[in-house]
Amino acid sequence: MEIKNKITVIDAIMGKGKTTWAINHLNDKQNIDDSFIYVTPYRKEIERLQKNVNMFYKTMYEPELLYDDESQTSRKLFGLIDLLNRNYDIATTHHMFMQLDERTKQLIKDGHYTLILDEVIEPLSEYEIAKLDIEILKSKNEKGESAISIDDKGYVHWNTDVNFKGNTKFYKVRNLARTNSLMCIDGKFFIWVYPPEIFKLFDKIYILTYLFDSSILKGYFDAYNIDYEMKSLDKGKLCEYYEPDHSHFKKLINIYDGKLNEKYKKESSRKKGRKTNPLSTTWYKNNPALISQLANDNYNYYRNCVNSSSEDFLWTCPEEYREKISRNGYKDNWLAFNTRATNDYSNKHKLSYLKNVYIQPGIEQFFNKYKVNFNQDKYALSILIQWIWRSAIRNNEPISIFIPSKRMRDILIMWLNNEKIKDKKYAA
């Protein structure tokens, strides 16, 4: 699939004024007759947008719960469809944007909408389905038919109206297959794929982000030959893309470099002879005995190394290990490791990042299938930087951070030194 419509990626570091640019663009009299859909990760940002868009030019409507007679359910998706039917300007969330279906596609195209996407979406994710369920779906009945088939490109197709007796897992597979949103890679990875044709529906698209080159969305665009141009911001105006200087942040970021890091050196753990990287997803699964030690080290950093108060501390780890690593004093100060676009934690000066970031193996295989070169280290850096910038550094205030993963520390230091980050092969 080749998509040639105008997509502009506005790539600028956090705090450079991307959202301000978007608000000014919406308030520009030259755009008064254009229709917009503004998509942001959080509802709180919608409220900010609505307050700052000039009501004499535009009113940004948020989809509300609406009852649908046919399905006899109330959903915000029906509210979105109602707004599209009226060709209103719309402000909504990433979550809603990911639910666009056949009913919304033609309405968006007919409405000649411009999309402003505040931060990248994740257009690919592994779809969990048990091996036994896959075997059931692939098994042939007495007529020689199977519930699903997989075409040469890896897309899953639904072939039957067999009643699976209320098995909702199979109905979800059916619905995804019917919308061309499910792929099987290498016969074992099931991948949910956001329909790439969505990006063809808009007259114009603006994507506001930082380090787009390292995002999954960029790799997805490359896989589906979706063209885009890169721009930066200078004094609130679009300009030719440039890579900014990061070195001035070195004086604001104190990266812990002490004994607490020693236990988490690269390739320090093994399972069945296979080396793994400390604090990766695989490491957490394979080293349950070390989780308690990590929790103690995190508390040691919090209490003794930086003598932090609860109000000043922010930390992260994989969510499934949150309770095991939490300690009194900072239990409620956890923030998901891949959080973007919120200013709610800009009062935090002491940080702890207990995660070694990689893309999911299924997504890696998707990129391999489409011959997309994806830099895992740059991706990890982009996730780490976005998380760090939720803190007080966005106010140009100094912060301290504990990053026990050597790999994550190294790529952050390279970024601070304006060094090129070359991809290395790791066992996650």
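The values are calculated or read from the model by the stated rules, or taken from the named source; none is laboratory data. Just so it is clear, the structure is predicted and the values come from calculations on it, not from any experiment. Counting neighbours? That spans all protein chains shown, and the Cβs are built from the backbone with ideal geometry, glycine included.
Val156 passes all but one of (1) surrounded by 16 or more Cβ atoms within 10 Å (Cβ to Cβ); (2) under 30 Å from Arg390 (Cβ atoms); (3) not hydroxyl-bearing (Ser, Thr, Tyr); which number fails?
(2)
Have a look at Ile13, Ile23, Ile46 and point out the one that is touching a Phe, Trp or Tyr at 6+ places or on another chain (Cβ under 7 Å) and either crowded, with 20+ Cβ neighbours inside 10 Å or in contact (Cβ under 8 Å) with a residue 12 or more places away in the chain (or both).
It is Ile13.
Among (1) under 22 Å from Pro123 (Cα atoms); (2) part of a loop (DSSP other than H, G, I, E, B); (3) small (Gly, Ala, Ser), which single condition is Gly362 missing?
The failed condition is (2).
When you look at Lys355, is it basic (Lys, Arg) and more than 21 Å from Leu260 (Cα to Cα), yes or no?
No, not satisfied.
Residues of segment 2-16 being assigned to a loop (DSSP other than H, G, I, E, B) and touching a helix residue (DSSP H, G or I) at 6+ places or on another chain (Cβ under 8 Å), which ones?
Result: Asn5, Ala12, Met14, Gly15.
Ile325 versus (1) among the hydrophobic types (A, V, I, L, M, F, W, C); (2) touching a residue at least 60 places away in the same chain (Cβ under 8 Å); (3) out of contact with any Asp or Glu (no Cβ under 9 Å at 6 or more places or on another chain): which is the lone unmet condition?
Just one mismatch for Ile325, condition (2).
When you look at Lys29, is it closer than 17 Å to Asn343 by Cα, out of contact with any Leu (no Cβ under 6 Å at 6 or more places or on another chain) and among the basic types (Lys, Arg), yes or no?
Here the answer is no, as Lys29 does not meet what is asked.
Among the residues of segment 289-340, how many are among the aromatic types (Phe, Trp, Tyr), in contact with a strand residue (DSSP E or B) (Cβ under 7 Å, 6 or more places away or on another chain) and not in a loop (DSSP other than H, G, I, E, B)?
5
Given (1) within 24 Å of the chain's Cα centre (by Cα); (2) more than 24 Å from Glu119 (Cα to Cα); (3) modelled with pLDDT of 95 or more; (4) among the β-branched types (Val, Ile, Thr), identify the lone condition not met by Thr316.
(2)
Identify the residue in segment 297-352 that is aliphatic (A, V, I, L, M) and closer than 20 Å to Leu260 by Cα and, among all such residues, is surrounded by the fewest Cβ atoms within 10 Å (Cβ to Cβ).
Val306
Would you be able to tell me the number of residues in segment 42-87 that are assigned to a helix (DSSP H, G or I) and within 23 Å of Asn343 (Cα to Cα)?
Within segment 42-87, residues that are assigned to a helix (DSSP H, G or I) and within 23 Å of Asn343 (Cα to Cα) number 10.
Being at pLDDT below 90 and in contact with a strand residue (DSSP E or B) (Cβ under 8 Å, 6 or more places away or on another chain) narrows it down to one residue among Asp68, Asp82, Asp89; which is it?
Asp68
Which residue is nearest to His112 (Cα to Cα), if the candidates are limited to segment 17-41 and must be of a type in the set (S, T, N, Q) and in a helix (DSSP H, G or I)?
Asn31
Of all residues in segment 186-200, which are surrounded by fewer than 21 Cβ atoms within 10 Å (Cβ to Cβ) and under 27 Å from Ser35 (Cβ atoms)?
The answer is Tyr194, Pro195, Pro196, Glu197, Ile198, Lys200.
For segment 93-115, how many residues are buried (at least 18 other Cβ atoms within 10 Å of the Cβ) and under 14 Å from Ser35 (Cα atoms)?
6
Which count do you get for residues in segment 201-210 that are surrounded by fewer than 19 Cβ atoms within 10 Å (Cβ to Cβ) and not in a strand (DSSP E or B)?
Total meeting the criteria: 1.
Somewhere in segment 96-116, is a residue over 30 Å from Phe367 (Cβ atoms), in a loop (DSSP other than H, G, I, E, B) and touching a residue at least 60 places away in the same chain (Cβ under 8 Å)?
Yes, segment 96-116 contains a residue that is over 30 Å from Phe367 (Cβ atoms), in a loop (DSSP other than H, G, I, E, B) and touching a residue at least 60 places away in the same chain (Cβ under 8 Å).
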